[in-house]
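The values are calculated or read from the model by the stated rules, or taken from the named source; none is laboratory data. Here the structure is a predicted model, which is why all the values come from computation and not from measurement. Here the Cβ is made from the backbone with ideal geometry for all residues, glycine too, and neighbour counts use every protein chain on show. Accessible surface areas use protein heavy atoms only, side chains included; no ligands, DNA or RNA. Shrake-Rupley method; radii C 1.70, N 1.55, O 1.52, S 1.80 Å.
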Amino acid sequence: MATKLFVGSLSYGVNDDQLADFFASAGTVVSARVIKDRDTDRSKGFGFVEMSSDEEAQAAIKQLDGKELDGRAIAVNEARPQEKREPRSFGGGNGGGGFNNRGGNGGGFGGGRRY
């Protein structure tokens, strides 16, 4: 059964292929993925590598934790299951977003300067 590893402290220049190649020295890599920000498509500095067996995963942790990849010492640990999160709410505390009525001189739509 495959074991997933968490890889932290990645350089922002590391891509999926580089990550897979780096871990191949410890065993068979099933998958390697650098996590990216969905808005900017920039690396978040961490990723996940799935090794084909628990023995290979443990070997990868021993061999590669603290080693340098693309100029940075990486952290390698066994990945924990993702925690269940509550659905995100985008409204205010009273059930809705609405306009930001800040007052000032003349109301909430951009200030009070009148011509």
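Quick test of your reading of the structure: residue 42 fulfils all but one of (1) on the phi < 0 side of the Ramachandran plot; (2) surrounded by 14 or more Cβ atoms within 10 Å (Cβ to Cβ). Name the failing condition by number.
Every listed condition holds for residue 42 apart from (2).
Looking at the range 1-15, which of the residues that are modelled with pLDDT of 95 or more and open to solvent by 60 Å² or more (accessible area, probe 1.4 Å) is farthest from the chain's Cα centre (by Cα)?
Among them, the one singled out is 4.
Restricting the range 61-74 to residues that are open to solvent by 70 Å² or more (accessible area, probe 1.4 Å) and outside any strand (DSSP E or B), which is farthest from residue 2 (Cα to Cα)?
Taking the range 61-74 first, the residues open to solvent by 70 Å² or more (accessible area, probe 1.4 Å) are 62-63, 65, 67-68, 70, 72.
From what is left, the residues that are outside any strand (DSSP E or B) are 62-63, 65, 67, 70.
On the way: 62: 17, 63: 18, 65: 19, 67: 23, 70: 26 Å.
The qualifying residue farthest from residue 2 (Cα to Cα) is 70.
Of the numbered conditions (1) farther than 20 Å from residue 80 by Cβ; (2) assigned to a loop (DSSP other than H, G, I, E, B), residue 10 fails exactly one; give the number of that condition.
Against the list (1) farther than 20 Å from residue 80 by Cβ; (2) assigned to a loop (DSSP other than H, G, I, E, B), residue 10 comes up short only on (1).
In the range 27-39, what residues are buried (at least 17 other Cβ atoms within 10 Å of the Cβ) and small (Gly, Ala, Ser)? Please lay out each step first, then the result.
So the first thing to find is which residues in the range 27-39 are buried (at least 17 other Cβ atoms within 10 Å of the Cβ), and the list is 27, 29, 32, 34.
If the condition is that a residue be buried (at least 17 other Cβ atoms within 10 Å of the Cβ) and small (Gly, Ala, Ser), then 27, 32 are the ones that fit.
Condition check ((1) more than 15 Å from residue 9 (Cα to Cα); (2) surrounded by 10 or more Cβ atoms within 10 Å (Cβ to Cβ); (3) at pLDDT 75 or above; (4) not charged (D, E, K, R)) across all residues:
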| position | (1), (2), (3), (4) |
| --- | --- |
| 81 | yes, no, yes, yes |
| 85 | yes, no, yes, no |
| 91 | yes, no, no, yes |
| 101 | yes, no, no, yes |
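Which ones in the range 50-60 are out of contact with any helix residue (DSSP H, G or I) (no Cβ under 7 Å at 6 or more places or on another chain), surrounded by fewer than 19 Cβ atoms within 10 Å (Cβ to Cβ) and in a helix (DSSP H, G or I)?
54, 55, 58
Is there any pair linking a residue in the range 48-62 that is free of Cβ contacts under 8 Å to residues at least 40 places away in the same chain to one that is assigned to a helix (DSSP H, G or I) and open to solvent by less than 50 Å² (accessible area, probe 1.4 Å), with Cβ under 8 Å and at least six apart or on different chains, and which?
From the range 48-62, the pairs are 59/26.
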